[in-house]
Amino acid sequence: MKSPIAVVILAAGAGTRMKSALPKVLHRLANRPMLAHVLANAAALKPSRIVGVVAPGATEVARAFAPHPTVVQLKPLGTGHAAKAALGALKGHDGPVLIVFGDAPLVTTGSLRKLVAACRKAGAAVGVLGFIARDPTPYGRLIEQDGELVKIVESKDADAKERAVAFSNSGVMCIEGKLIATLLDAIRNDNVKREFYLTDAVRLAREAGHKAIAVAGEEAEFLGINSRSELAAAEQALQQRLRAAAMAGGVTMTDPGTVWLSADTKFGTDVTIGPNVRFGPGVTVGSDTVINAFCDIEGVRIGRGVLVGPFARIRPGSEVADGVHIGNFVELKATRMAKGAKANHLAYLGDSDIGAGSNIGAGTIAVNYDGYGKHRTVIGADVFIGSNSSLVAPLKVGRGANVTAGSVVTEDVPANALAFGRARQVTKKGRAAALRAKLKNRAAALKKAAAERPGKK
Ligand code: UD1
Ligand code: MG
């Protein structure tokens, strides 16, 4: 049986270039903190343990690691020093230890798995993921000989020949658990930056007679995030991955580049999405549903065969059952629409339950807020709400009832009742012509008075 894997995530960096009160690794990508992406990718390896390394006082970051334990690196003395802080938490582990950075959220589980497998196969004490960098300036260079990794030289410590090497260190390293304590203990800060470099583990392993290897990956995966522009670049890259995965799973997108997904957005098959649609966190979309252009959707489970938009907004806490229609300029908030219910145009349905097969007319407002509290509107099955009605909550409209257009409904409507909540219409025969004559005369008189005013040319 293969020995278990442990993962150490370094997240003690200050991240000052973000210019933010929020710790860098908690900035969001696809509506999930950066660190949660790193954790999810690590967790997919089913490691026996995950250990976070955090800065002193970084309680929010430590909380984001939960239920995984964290250790504190008292001073930021380098990546080797940070990894060493985790040794206590790795006691008793003798399989591979993967060390990854908390600010590199695009590294895939596939690449991590590839590195561990290559290390096991080669019997290597140390392995790193490398890539050919378009601009290797910021990176440590991987110096190889005869297919083995000899050492990693940081940019600032490299000579001209080493600087010319484009094969760069991603930062992801795999160290054999039986050797990790000895290797990390041996790291010194005898370099230009006076830091304890994790990368020295390669040279130290070789000096002790062990093997080190580098496994090549794609540069795009190893983007580290230090600034808001790098955050935006990572967001783009992640969105592209999420869109590709959705399409591979049977979703049609008219203009994929304009569809914004969350890391947790889930689709059935044969879903169609028009241009300019944003999915906030917590959305599930059933098969055969169509989401037309310009919709903003968050926190909702949408059933099968549903029609949404164009220009619809669905806010958190909503549930939309099979066959529902939500048309243009309709907003739902914490609203459940049962099977086959329809709100086709211009409506606000907040804190509402709409029964199966009910029809909500254009201009309907669920008046859910009285300035102090929110109240629910509960509408039974097969109800008809006429256009431009205000449903003043708390309110119940029973099954099969009919609310006439333009009603302000303040009292519960029993099942099958017909409710009028509006002034009775008064019609006066032949009076339109008289009104027109009166208005015409008044306009003429006003025009004449203006022309006769002194000073007027
Ligand atoms: C590191 C690598 C370099 C690699 C590059 C890839 C070393 C010595 N260098 O350089 O070879 O090409 O990443 O991006 O490892 N951290 C701590 N505590 C510390 C220092 C760092 O937790 O004291 C964490 C940071 O939060 C960050 C990660 O380690 O997540 C990397 O640190 P950083 O300072 O960015 O290393 P680089 O100089 O970029
Ligand atoms: Mg860095």
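Rounded to the nearest 20, the size of the Cβ-charge dipole of the chain about its Cα centre is 2760 debye, with Lys and Arg at +1 and Asp and Glu at -1.
Relative contact order of the range 316-457, taken over Cα pairs closer than 8 Å and 6 or more residues apart, is 13 percent. Taking each residue as 0.36 nm, the span from Arg376 to Lys2 lengthens on full extension beyond its C-alpha to C-alpha distance by 129.0 nm.
Looking at the range 6-222 only, what percent of DSSP beta bridges run antiparallel? Nearest 5 please.
Values: 18 of 37 bridges.
Close to 50 percent.
Scanning residues 5 or more positions from Thr335 or on other chains, those with amide H under 5 Å from its amide H are Ser318, Glu319, Asp351, Ser352, with H placed 1.01 Å from N in the peptide plane. Counting only protein heavy atoms and a 1.4 Å probe, the chain has 50 square angstrom of accessible area per residue.
Just the Cα atoms of the range 135-177, one point each, no solvent: what log10 I(q)/I(0) does Debye give at q = 0.15, 0.17, 0.18 Å⁻¹? For the requested q values the scattering log ratios are -0.35, -0.45, -0.50.
Please compute the alpha carbon radius of gyration of the chain, then divide it by the globular-protein estimate 2.2 N^0.38 Å. Two decimals is fine.
Working: Rg = 32.2 Å, N = 457, 2.2 N^0.38 = 22.6 Å.
Taking the Cα Rg and dividing by 2.2 N^0.38 Å, one obtains 1.43.
Subtracting the Cα-Cα distance from 0.36 nm times the residue separation, let me have the gained length for Leu74 to Met247 in nm, one decimal. Before the final figure, lay out the partial values.
Values: separation 173, 0.36 × 173 = 62.28 nm, distance 4.57 nm.
Contour length minus Cα-Cα distance gives 57.7 nm.
Using DSSP to define loop residues, name the trypsin sites (Lys or Arg not before Pro) in the range 1-81 whose beta-carbon has at most 10 other beta-carbon atoms within 10 Å. When the trypsin sites (Lys or Arg not before Pro) of the range 1-81 are filtered for loop state and at most 10 Cβ neighbours within 10 Å, Lys2, Lys19 remain.
Of the solvent-accessible surface of the range 72-115, computed with a 1.4 Å probe over protein heavy atoms with every protein chain present, carbon and sulfur atoms account for 62 percent.
Based on Cα atoms of the range 228-419, Rg over Rh with Rh as the Kirkwood radius reads 1.04. Label positions at Ala21 and Ala232, each projected 7 Å from the Cα along the C-beta direction, are separated by 2.3 nm. Size check on the range 6-222: the Cα extents along the three principal axes, sorted descending, read 44, 38, 32 Å. The helix-based estimate of mean residue ellipticity at 222 nm for the chain, built from -39,500 (n - 2.57) per DSSP H run of four or more residues and divided by its residue count, is -7000 deg cm²/dmol to the nearest 500. Of the three principal axes defined by the Cα atoms of the range 62-106, the extents in descending order read 27, 25, 21 Å. Considering only DSSP beta bridges whose two residues both sit in the chain, what percent are antiparallel, to the nearest 5? Once the DSSP bridges in the chain are tallied, antiparallel ones form about 20 percent. Full extension of the chain between Gln425 and Ala66 yields a length gain of 122.8 nm, computed as 0.36 nm times the residue separation minus the alpha carbon distance.
Using just the Cα positions, wrap the range 125-234 in a convex hull and report its mean projected area in square nanometres, one decimal place. It would help to have the intermediate numbers written out before the result.
Values: hull surface 29.6 nm².
Across all orientations, the range 125-234 yields a mean hull projection of 7.4 nm².
The values are calculated or read from the model by the stated rules, or taken from the named source; none is laboratory data. Predicted model, so just to flag it, every value in this text is computed and none were measured. With ideal geometry, Cβ positions are generated from the backbone for all residues, glycine too; neighbour counts draw on all protein chains shown. Ligands, DNA and RNA are excluded from the accessible area calculation, which covers all protein heavy atoms including side chains. Shrake-Rupley method; radii C 1.70, N 1.55, O 1.52, S 1.80 Å.
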